[in-house]
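*Asks:* After the structure tokens below, expect a handful of questions from me.
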Amino acid sequence: MEAVKLGLFIGIAMIAGTWAGKKVIEKLPKETFVKFVTLLLLVMGLELIFWG
């Protein structure tokens, strides 16, 4: 039962996070969004290189 509760909580949090993220992204100018995604990819790539 504990796993079901945790699963429901995580599912609701994912739906809420997706909805909120979509609202934020819709308001960003395209250039800002592209720069943000590029920065995230760079950071994650560096993390994989150094901490693999």
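*Asks:* If you check Leu48 against the conditions, is it surrounded by 10 or more Cβ atoms within 10 Å (Cβ to Cβ), assigned to a helix (DSSP H, G or I) and not aromatic (Phe, Trp, Tyr)?
*Replies:* no
*Asks:* Residues of region 11-37 being open to solvent by less than 80 Å² (accessible area, probe 1.4 Å) and part of a helix (DSSP H, G or I), which ones?
*Replies:* Hits for region 11-37 are Gly11, Ala13, Ala16, Gly17, Ala20, Gly21, Thr32, Phe33, Val34, Val37.
The values are calculated or read from the model by the stated rules, or taken from the named source; none is laboratory data. Computed from a prediction, not measured in an experiment: that's the story for all the values here. Cβ: placed from backbone, ideal geometry, glycine included. Neighbour counts: every protein chain shown. Quick note on the areas: whole protein, heavy atoms, side chains included, nothing else; ligands and nucleic acids left out. Shrake-Rupley method; radii C 1.70, N 1.55, O 1.52, S 1.80 Å.
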